[in-house]
Amino acid sequence: MIWIIFRLLAPGKKRPNAPVFGHRSLFEPDILLKSRFILGARDLIHGAYKKMNNQPFVLRRYDVDFLILPMKYLEEIRLISPDKLSSKGAQTGNLAPHYTSMQFLFHSNLHLDVLKKKLTPELYKYVDKARRELAFGWKKDLPQADDWTEVPIEHHLRTLVARMTAKVFMGSPTCRDPEWLKISVDFSVDLFTTAFTIKMFPPWMYGLVARVIPARYRTFRQLKAGRKIVGELTQQHNLVKERKQRGEKVEEEDTLLHWMLDHGTPSEVEVHEMGARQCVLTLASIHTTASNVSNMLYDLCAHPEWFEVLREEAREIARELGPPCQNMGVSAKEWCTRLDKLDSFFVESQRHNPVLLLNPQRLAYQDIKLKDGTVVPAGSRLAFANYEHSMDPDVYPNPLDFDPMRSYRKRMSDIDQRDLHKAGMTHPNNLAFGYGNQACAGRQFAVAEIKLIMARLLCEYEFKFPEGKVRPKTQHINENCFTDQSMNLMMKRL
Ligand code: HEM
C-alpha cells in the first residue's frame, strides 16, 4: 500500500507516442499495470506481441516505459550509433548507478574495448587459459560420485565458470583466491537485488531507500575487497613495467586486466574504478554463462534421447584429440569448432531460455526520427520482444517444440548458412546475445566456455532429474529470466 502511494506521487515522465498495452480496463490504474509487470512480464509481452500487430507499443515497468518496436525496425536501429542509441545506457540505467557506485560506466568503455579489441581477436589464446583452469577446478568443484548424487548443479557450475573467467581477466593466483571467486558469484546477486529494490520507489526516495538495503552494503563490501585485490595486481604490474623499462627481462602473465591497465585513461586505470570494473565484468559473465549450462542440462534431462547423440559427438572428437580439457597440446579451438551438434543444442536451448525477454534494449540520448516517420523521443527505452519473436511460428516452425538440431540442419544443408546459425552469431531471428555492434561483446568466449564444460560433463557424467521432478520453469522478474535456484540434479560418474 505504501509502495502504491509512493508510486502515485512519482513525477510523470516524457512518454513515447505509442499506445500503452496491458490495462485490464479503462479504470485500471497505471500503478497496477506496472506492478503486474514485475512477475507477469512474460504474459504481458506475449499478449502485446499477438495483439499489436507489428505496431510500436509501450510496456510499463515501475521505473521505466519500454517502447517496444516491431522487428521491421531492427536493421535500422542496428545502424544507429551508440552515442544516440545506447545499450550501455540502458543496461547501466538498470543498475541504479548513482546508488551502487556504477556511474563510471557512463563515461568509460574500457570493459567493452577489452572484449572487442583483445579477448575476441585472440579468443582461443584466452579460451586455452580458461580450459587449464577448468581442468584444475574440475575435481574440486564437481562431486566425484560413483553413485547417483543430488547436487545443486548451478552452484557448482558458477564456481567453475568464475574460475575460468578469473584466469583470463585476473590471472593466477587470483583465479584461485576464494575471496575473488566469492565476489565473482555474489556481486551480481547483491547488485541486482539493490537496484531492483531501489527502483521500486519513486526517484525522490532512492537516496533514502538505498540507505536501508542490506544487499547494497554487501555490494560495497565486495567492491572494497575487489578494489584491494585489483590494487595489489596493479602495483605488481606497475613494478614489472618499471623493471622492463630498466631493460630487465621479466616474465608476466598475459591477462585482460594488464591490457586494461595499459590501455585505459588515467581515471580508468585508477584502482577505485578498475576494481569496480572487474566486479561489473563478473556481473556480465558468470551467472549468464552458468545458467546457460544449467538450462542445457535441464533440457537434456527433459529430452534424454539427446544425451547419447551429443556424447557420441564428443567421444568421436576425443578419440582423435584425447579427452576434452586434458590434452593441452591441442587447442580448445579444435574442440569448439567441431562440436556442431552441441552447438545446435545450445542455440535451441538458448531460444527457449534467453536471459532477457526484451532484447536488445537501447536508451535514446536524443530524439530519433526513423525512416517511416516514427519518432523515438530522447530518454526513451527502446526494446524488441526477442523471446516472442523466437516463438513466432512464422519465424520458427513449430516454435514450442524443443528441436535441438534446428540450426544443425540449416548449417549442414547450405554451406552459406554454416556460420550464420552458429552459437554466438547474432541474427535477426536470434537475438539471445543482442544484435548489431552493441551485442554482447563476450559471447564468443561464453560459447567456448560452455562447449568445453558441456563436452567434459557429457564424457564423464550422467544426469537425471531427482525422483518426481521435471524440468524447472524459468522464473521472471520484470524482463529478466532466471533459472530456478532451488533445482537440483542427480549426477553420477559414467
Ligand atoms: C551465455 C552467456 C551470456 C549471455 C546469454 C549474454 C547476453 C548478453 C546480452 C543479451 C547483452 C545485451 C546486448 C545488447 O544490448 O544488444 C550482453 C551484453 C554484454 N555482455 Fe554478455 N552474455 C553472456 C556472457 C558474457 C560474457 C562471458 C561476458 C564477458 C566476458 C559478457 C560481457 C558482456 C558485456 C560487457 C556486455 C555489455 C554491457 C553493456 O553494454 O553495458 N557477456 N550480454
Can you report the number of residues in region 401-416 which are open to solvent by 30 Å² or more (accessible area, probe 1.4 Å), touching a His at 6+ places or on another chain (Cβ under 9 Å) and not in a helix (DSSP H, G or I)? 1
Is it true that some residue in region 17-25 is at negative phi and touching a residue at least 60 places away in the same chain (Cβ under 8 Å)? yes
Which residues, counting only those in region 74-93, are of a type in the set (Ser, Thr, Tyr) and either within 10 Å of the ligand (Cβ to nearest atom) or not in a loop (DSSP other than H, G, I, E, B) (or both)? Ser86, Ser87, Thr92
Among the residues of region 276-308, which ones are surrounded by fewer than 24 Cβ atoms within 10 Å (Cβ to Cβ) and in contact with a Lys or Arg (Cβ under 6 Å, 6 or more places away or on another chain)? Cys301, Ala302
Mind listing whichever residues of region 125-147 are closer than 13 Å to Phe445 by Cβ and open to solvent by 50 Å² or more (accessible area, probe 1.4 Å)? Lys125
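Do we have any residue at all in region 9-21 that's in a strand (DSSP E or B), at pLDDT 95 or above and either touching a Lys or Arg at 6+ places or on another chain (Cβ under 7 Å) or more than 16 Å from the ligand (Cβ to nearest atom) (or both)?
As a first pass, look at region 9-21 and keep what is in a strand (DSSP E or B): 20.
From the residues that got through so far, the ones that are at pLDDT 95 or above too are 20.
Now drop any that are not either touching a Lys or Arg at 6+ places or on another chain (Cβ under 7 Å) or more than 16 Å from the ligand (Cβ to nearest atom) (or both), which leaves 20.
Yes, that holds for at least one residue.
Considering only region 40-48, I want to know if a residue exists there that is in a helix (DSSP H, G or I), touching a helix residue (DSSP H, G or I) at 6+ places or on another chain (Cβ under 7 Å), farther than 17 Å from His476 by Cα and open to solvent by 10 Å² or more (accessible area, probe 1.4 Å).
Here is the first cut: in region 40-48, the ones in a helix (DSSP H, G or I) are 40-48.
If we keep only those that are touching a helix residue (DSSP H, G or I) at 6+ places or on another chain (Cβ under 7 Å) too, we end up with 44-46.
After this cut, where a residue has to be farther than 17 Å from His476 by Cα as well, the list is none.
No: region 40-48 contains no residue that is in a helix (DSSP H, G or I), touching a helix residue (DSSP H, G or I) at 6+ places or on another chain (Cβ under 7 Å), farther than 17 Å from His476 by Cα and open to solvent by 10 Å² or more (accessible area, probe 1.4 Å).
Would you mind listing the strands (runs of 3 or more DSSP E) fully within region 435-494 where at least 2 residues are closer than 30 Å to Arg60 by Cβ? Spell out the reasoning first.
Values: elements: 461-464, 475-477, 480-482, 489-493.
Of the strands (runs of 3 or more DSSP E) lying wholly inside region 435-494, those with at least 2 residues that are closer than 30 Å to Arg60 by Cβ span 475-477, 480-482.
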Looking only at region 94-124, which residues are in a loop (DSSP other than H, G, I, E, B) and without any contact (Cβ under 8 Å) to a residue 24 or more places away in the chain? Gln103, Asn109, Pro121, Glu122
Taking interchain pairs and intrachain pairs at least six residues apart, which have beta carbon atoms under 8 angstrom, with the first residue in region 381-394 and among the small types (Gly, Ala, Ser) and the second outside any helix (DSSP H, G or I) and surrounded by fewer than 18 Cβ atoms within 10 Å (Cβ to Cβ)? Ser390/Pro399; Ser390/Asn429
May I ask you to say which residue of Arg443, Arg456 is within 16 Å of the ligand (Cβ to nearest atom) and surrounded by 18 or more Cβ atoms within 10 Å (Cβ to Cβ)? Arg443
Condition broken by Asp392, with the remaining ones in (1) away from the ligand (no atom under 12 Å from the Cβ); (2) surrounded by fewer than 18 Cβ atoms within 10 Å (Cβ to Cβ); (3) at pLDDT below 95 satisfied: (3)
Quick one: Met425 ticks every box in (1) open to solvent by 10 Å² or more (accessible area, probe 1.4 Å); (2) in a helix (DSSP H, G or I); (3) within 16 Å of the ligand (Cβ to nearest atom) except a single one, so which number is it? (2)
Asp419, sole failed condition from (1) within 16 Å of the ligand (Cβ to nearest atom); (2) surrounded by fewer than 18 Cβ atoms within 10 Å (Cβ to Cβ); (3) assigned to a loop (DSSP other than H, G, I, E, B): (1)
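The values are calculated or read from the model by the stated rules, or taken from the named source; none is laboratory data. Please read all numbers here as calculations on a predicted model, not as lab measurements. When we count neighbours, we look across all protein chains shown, and the Cβ atoms used for this are built from the backbone with ideal geometry, even at glycine. Protein only, heavy atoms only, side chains kept; ligands, DNA and RNA dropped before computing areas. Shrake-Rupley method; radii C 1.70, N 1.55, O 1.52, S 1.80 Å.
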